[in-house]
Structure formats: C-alpha cells, structure tokens
1. With contacts defined as alpha carbon pairs under 8 Å and 6 or more residues apart, what's the relative contact order of the range 271-405 in percent?
2. Which shape class, rounded, prolate or oblate, goes with the range 184-245 when its Cα gyration tensor gives a ≥ b ≥ c as root eigenvalues, a/c under 1.5 marks rounded, and past that a/b bigger than b/c marks prolate?
3. Please list 315-322, 42-49 highest first by mean number of surrounding beta-carbon atoms within 10 Å per residue.
4. Give the distance, in whole Å, between the Cα centre of the range 292-312 and the Cα centre of the range 109-154.
5. Taking the chain as a Gaussian network, where each spring joins two C-alpha atoms under 10 Å apart, which residue of Ile270, Ile336, Ile167 fluctuates the most?
6. Which residues among the range 312-327 fall inside the zone where the amide N is under 18 Å from a point 7 Å beyond the Cα of Gln352, along Cα→Cβ?
7. Send over a whole-number figure in Å² for the accessible area per residue of the chain, probe 1.4 Å.
8. Note down the relative contact order for the range 106-179 as a percent, whole number, built from C-alpha pairs under 8 angstrom at least six residues apart.
Amino acid sequence: MSAGIQHADISEETVREISERLDEPEWMLEARLDALEALDSLELPSVIQTPGRRWTNLEDLDFDALVDPLSAEEQKDQVGPEEVEVLSFSEALSEHEELVRENFGSAIDPQENYLTALSTALFDTGTVVYVPRNVDAEDVTIRTTMNSRSLFNYTLVVTEQSSSVTILERQSTGDEVESEEGRYYSGLVEISAGENSNVQYGSLQDLSEETYNYTLKHGVTDQYSTINWIEGNLGSRLTKSAVETTLSGEGSETQIVGAFFGHDDQHFDINSRVWHRAEHTTADLVTRGVLDDRARSVYEGVQDVGSGAWDTNSYQRENTLMLSDESEADASPKLIINNHDTEASHSATVGQVDAEDLFYMTSRGVDPQSAKNMLVEGFFVPVLEEIEVDELREDLEGRIKERLR
C-alpha cells in the first residue's frame with residue numbers, strides 16, 4: 001500500500017533534469033529513477049501511535065505545495081583542512097566516482113520509506129567528506145542556507161582505516177519565499193566508518209518555523225571504529241528526525257546525544273536507534289528536550305541487540321521538561337535483546353519545572369522568570385557536557401538562552 005501522495009512536478013523528466021544539471025553518470029541516474037518508481041509502493045516513515053492517536057501526522061502534508069524540485073536555491077559553505085577532501089556531490093562524482101558508487105546507499109536504503117525515496121530521486125545539493133588513512137582532521141564545516149521553497153540535501157562521509165574527523169553541520173533558512181503552505185527541507189546523511197576510525201558528527205537544525213523538516217542520519221561501523229552523533233533541533237514547524245547507527249564491526253562504539261527546545265506550536269518527532277550486530281559493542285543514547293507554549297514532542301529510542309552480539313553494553317535515557325500546561329510529550333524507549341550476554345538499560349521521564357526549586361530560588365530574591373530560565377539552562381547541562389565540539393556547544397547554548405529571553 002503506497003503513501004497515496006500525488007505530485008505534478010515529480011516526474012521522470014524532472015529527475016532527469018536534476019541529474020543532467022549535476023552531470024551525473026548513468027548509474028546515479030538509474031538510482032534516482034528506481035527511487036522515483038518505488039514512490040507508488042512505499043509508505044511514509046512509521047510514527048508512534050497510542051490508543052486513539054497518531055502522535056505525528058505526515059499524511060496531511062501538502063507535498064504539491066511544499067516541493068518545488070527545479071527551483072532549489074541555497075548558500076552552502078563546506079570547508080575542511082587540506083588533508084581532508086570536502087567536495088560538492090558533483091565534484092566527488094567527477095574525482096572519486098568509484099568511492100561514491102561503493103558507499104552511496106550503503107547505510108540508508110533509498111527505498112526505506114516514501115520520504116527517503118523522494119529525497120534520493122530529487123536531491124539537488126550535497127557534500128562528500130573523504131578522510132584518507134591515518135589522517136586526523138577537525139573543523140570540517142558544512143553550513144546550508146535554504147533560499148527556496150524546498151531543498152533536498154545529501155551528505156556522505158567516508159573514513160579510511162585509523163583516521164578521525166569532526167564535522168559540524170548547520171541548516172537554516174535565508175530568503176523569504178511566498179508559500180501559504182510553508183517550506184520543506186530534507187536531509188540524508190550516510191557515514192561509512194573504516195576500521196579503527198573515529199567520526200564525530202554534530203548537527204544544529206535552526207530552520208524557520210514555517211519549514212517542514214525530514215532528516216535521516218545513519219552510520220555503519222567497521223571493527224573498532226566509533227561514530228558519535230550530536231543532534232540539536234530548535235527550528236522548523238514540524239521535524240521528523242532519526243539518528244541511527246549499525247554497529248557492524250567488533251569492538252565498535254556509538255553515542256547519540258540529542259537536544260531539542262520547542263515553543264509556540266512546534267512539533268518534534270525524534271528517533272534514536274542503534275543496532276548491535278557484532279561482539280563487544282557499546283552504545284550510549286542521551287536526549288533532553290524542553291517544551292513551552294503548545295509545543296509537542298514524541299521520542300522513540302531503540303536498542304536492538306542481535307543474536308551474535310556477545311558482550312554488548314547499551315544504555316539509553318531521555319528526559320523532557322514541560323514549561324506549559326498546554327505542551328505535550330510522549331516517549332517510547334525500547335529494548336530488543338536476542339543475546340543473553342548483554343548489559344542494557346533504558347529510561348524516559350516527562351515532567352514540569354519543580355515547584356520546590358522555583359520557590360527556593362524566588363525566596364532568595366531571584367525573580368520567577370529568571371529562576372525558571374536558570375532551571376532550564378541547568379536541565380540542559382548534562383547534554384551540553386557531552387558535546388566535545390566547542391563551537392556546536394556554544395552555538396546551541398547561545399540559541400537556548402536566546403529562546404528563553
């Protein structure tokens with residue numbers, strides 16, 4: 001059963017024009033066309049449901065009004081040190097076609113759901129980060145500013161043996177666009193981490209609050225490699241975000257750190273998932289979010305331990321703080337364990353600002369709003385302390401303070 005979405009501008013001619021603009025080889029065009037053909041049979045991404053309610057309703061999005069695939073405009077800054085290649089997607093196809101062909105679609109199935117197929121068929125901008133063997137690199141920056149009604153972005157990171165890289169990504173919106181229905185941003189990120197390599201990928205989503213946002217980030221580890229994700233969500237009208245790692249290599253590790261802050265009528269659907277598929281793997285999932293006004297959030301965390309994943313360590317915790325009686329939050333942490341040699345735990349809490357803490361602070365001369373702000377800032381500290389990228393931590397901390405003001 002398909003998602004049942006029709007769009008006049010999504011056609012084979014449109015896909016061929018995008019591919020021609022990027023001067024792509026035939027195999028890339030075929031991958032796009034296969035994704036286009038699959039749209040008729042694919043469902044939208046799954047969402048959490050509780051009795052009588054779907055917490056995120058993607059079916060009502062008017063893609064006909066949101067998606068304008070041939071009018072994409074952006075400003076992109078993508079820089080890195082000399083020893084690392086940070087290339088546009090078209091440059092990477094020209095200079096490293098076999099590398100791209102080998103890794104494209106290796107972490108994310110282009111036909112995983114309707115929105116991944118849509119992104120594969122229509123992505124019009126992208127970045128490839130290639131880190132050669134034994135190279136240690138920091139300060140790789142990818143900043144994307146959307147200046148059009150819609151933008152489809154694709155990022156591929158490939159690290160070779162015993163290399164390391166720190167990447168900071170930011171998405172924002174620039175020029176205003178006339179659209180009664182809003183705007184649409186889609187981002188796919190794939191990471192292929194080579195043996196004994198280390199990848200730290202930090203992302204801050206700060207899109208305008210008229211924008212609908214779908215992002216899927218998935219990394220696959222080789223033996224003894226590490227992928228650490230940092231995911232900050234502040235902008236958008238609705239965000240459907242998933243950050244995932246498949247621990248395929250023995251002794252590999254991952255950490256997923258997430259933070260979100262919603263106000264007005266923002267909606268965040270946040271997913272953190274890890275698949276343990278090898279021996280001696282470790283995962284740590286940490287998410288904290290704050291909701292004010294009529295904002296809503298739903299969180300799903302999954303730790304899936306395969307039958308061959310001996311000596312697994314997997315931990316998950318999620319906490320949501322509500323500042324308003326009108327805000328809503330739901331959480332669904334899950335453990336799927338098929339190997340008894342596993343140490344794992346999960347927890348999720350939803351609550352309001354502690355009245356006793358507020359009373360204590362106000363009784364000592366702190367005005368109520370300042371006291372509330374201080375408690376919120378303190379609530380985020382355990383997540384901020386996990387962020388090793390100074391620029392991202394300071395950026396996120398600054399935006400949180402701005403929103404509180």
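1. Across the range 271-405, relative contact order equals 22 percent.
2. Cα axes put the range 184-245 in the prolate bin.
3. The most tightly packed comes first, giving 315-322, 42-49.
4. 24
5. With Cα springs under 10 Å in the chain, the top fluctuation among Ile270, Ile336, Ile167 is at Ile336.
6. 320-327
7. That works out to 42 Å² per residue.
8. On the way: 111 pairs, mean separation 26.6, N = 74.
With pairs under 8 Å counted, the relative contact order is 36 percent.
The values are calculated or read from the model by the stated rules, or taken from the named source; none is laboratory data. From a predicted model like this one, the values you see are computed outputs, not experimental measurements. Because the Cβ atoms are built from the backbone with ideal geometry, glycine has one as well, and the counts that use them run over all protein chains shown. Heads up: the accessible areas ignore ligands, DNA and RNA and are worked out on the full protein's heavy atoms, side chains in. Shrake-Rupley method; radii C 1.70, N 1.55, O 1.52, S 1.80 Å.
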